[in-house]
1. Picking from Glu43, Glu64, which residue would you name as being part of a loop (DSSP other than H, G, I, E, B) and open to solvent by 80 Å² or more (accessible area, probe 1.4 Å)?
2. Scan the stretch 123-135 and report the pairs whose first residue is closer than 21 Å to Gln357 by Cβ and whose second residue is among the hydrophobic types (A, V, I, L, M, F, W, C) and surrounded by fewer than 24 Cβ atoms within 10 Å (Cβ to Cβ), with Cβ atoms within less than 6 Å and a gap of 6+ or a chain change.
3. Test each condition in (1) without any contact (Cβ under 8 Å) to a residue 40 or more places away in the chain; (2) within 19 Å of Glu253 (Cβ to Cβ) for Leu154 and report the one that comes out false.
4. Under 9 Å between Cβ atoms, at least 6 apart or on separate chains: pull out the pairs that start in the stretch 48-68 with a residue that is under 13 Å from Val92 (Cα atoms) and without any contact (Cβ under 8 Å) to a residue 40 or more places away in the chain and end on any residue that is open to solvent by 40 Å² or more (accessible area, probe 1.4 Å) and outside any loop (DSSP other than H, G, I, E, B).
5. Just checking, does the stretch 9-26 include any residue being at pLDDT 95 or above, closer than 20 Å to Trp167 by Cα, in a helix (DSSP H, G or I) and open to solvent by 40 Å² or more (accessible area, probe 1.4 Å)?
6. Would you point out the residue of the stretch 222-249, among those that are under 17 Å from Trp372 (Cα atoms) and more than 19 Å from the chain's Cα centre (by Cα), that is surrounded by the most Cβ atoms within 10 Å (Cβ to Cβ)?
7. Does the stretch 142-161 contain any residue that is among the charged types (D, E, K, R), open to solvent by less than 30 Å² (accessible area, probe 1.4 Å) and more than 30 Å from Tyr300 (Cβ to Cβ)?
8. Give me the residue from the stretch 265-312 that is open to solvent by 70 Å² or more (accessible area, probe 1.4 Å) and of a type in the set (Lys, Arg) and, out of that set, nearest to the chain's Cα centre (by Cα).
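The values are calculated or read from the model by the stated rules, or taken from the named source; none is laboratory data. Quantities reported herein were computed from a predicted structural model and do not represent experimental measurements. Neighbour counts are summed over all protein chains in view; Cβ atoms, including those assigned to glycine, are modelled from backbone coordinates with ideal geometry. Side chains included, ligands, DNA and RNA excluded: accessible areas come from the protein's heavy atoms. Shrake-Rupley method; radii C 1.70, N 1.55, O 1.52, S 1.80 Å.
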Amino acid sequence: MVGYKFMGKAHSHAYRDVAFYFDNNVEPVMQAICGRNEAGVKEAAAKMGWQSYETDWRKLIEREDIDLIDIVTTNNSHAEIAIAAAEAGKHVYCEKPLSMTLEQSARMLEAVEKNGVIHMINHNYRFAPAVQFAKRLIQSGRLGKIYHIRATYLQDWIMDPSFPLVWRLNKEVSGSGAHGDLAAHIVDLARFLVGEFKEVNGMMETFIKERPIVEQSSGLSGTASSEQMGEVNVDDASIFMARFENGAIGTFEATRFAGGNRNGNRFEINGEKGSIRWDVEHMNNLQVYFHDDEPGLQGYRTISCTEEMHPYASAYWPAAHIIGYEHTFINLAVELLNGIDKGYSPSPNFMDGVKNQAVLEAVEQSASSRQWVSISQVQQSSEYSM
């Protein structure tokens, strides 16, 4: 694994626990973790259960005892590491967004396909049992024709103007702000549950233009080094409308300035026969409404998706003994291991990452031009034909 902080902890936990809950033919062996700070990565290796460590990711790729490269680094390094890993015959699992740009993502997809390696991207929210159950309801026709999706991803962790200029606020490292970090998740959920995007119309805003230079950061926190200021060159918020290929419409909002929202990843989907709602802050529950319920008893019911018939739930605890955020990574790891065992790339994979990036870039183009932008036109502009 390349990287060892916030997502490194989540991925490491999944590798350690997946065999405890699930019986897979392939079991992960945590051979080596990599980071530039030797003291930091050495400590992380010991704490998180890795057998060895490196300070240069190229040495990981050269090692014959490693089959899978897991990339949890900053966004600007995803493409280089993934392409090199694929060319070395390693399977690749990468954090989202897949890369900085659609062009980079397309090259990553081309590399893994050309070299015949297994590939996945981490959109872990797909793997909450309630989201998987929502997918099952939609596929079975219980909601009928889908009319609407409204999705939000709301956070508030950078509202303080004195919060430092961490890497997520630097376009050269992150590629974008709340848009690529948060909207990428709700775009993926919309693609997973509703279908492919056709066109978008969006706007983006940066509320605080300058912040103190960062001294050190970890996860979603950081400390300022001095009173020296730096430019914030990414968005603080993005809002867009969308039309889907199947005729559905949607609204999407991603922001880090929604006070009181710590991690408000939520969606509501409306169809001709019913509706569903989900909120990651209550991730075990799915709210469901059906039009054909008896008059007087109509309304949303709350389903605790913790029973044996709910996706993944049977591997854990008795009904209503809830699971948490970390288990979404374990559930994704199950699919990754099954893919490696059987020789296919489970979804979401790099193709999903490319399509996600096309939507994100279409929104950026729309915000700039103040016009509707077609996803197919943005895709055609990439060097890789999808």
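1. After applying the criteria, what remains is Glu64.
2. Going by the 6 Å Cβ cut-off, the qualifying pairs are Asn124/Phe329; Arg126/Phe192.
3. So Leu154 meets the others, but not (1).
4. Pairs found: Ile61/Glu87.
5. yes
6. Looking only at the stretch 222-249, we keep the residues that are under 17 Å from Trp372 (Cα atoms), and these are 238-245, 247-249.
From the residues that got through so far, the ones that are more than 19 Å from the chain's Cα centre (by Cα) too are 241-245, 247-249.
On the way: Met241: 16, Ala242: 25, Arg243: 17, Phe244: 19, Glu245: 13, Gly247: 11, Ala248: 22, Ile249: 15.
The extreme case among them is Ala242.
7. No, because not a single residue in the stretch 142-161 is among the charged types (D, E, K, R), open to solvent by less than 30 Å² (accessible area, probe 1.4 Å) and more than 30 Å from Tyr300 (Cβ to Cβ).
8. Ranking the qualifying residues of the stretch 265-312, first place goes to Arg277.
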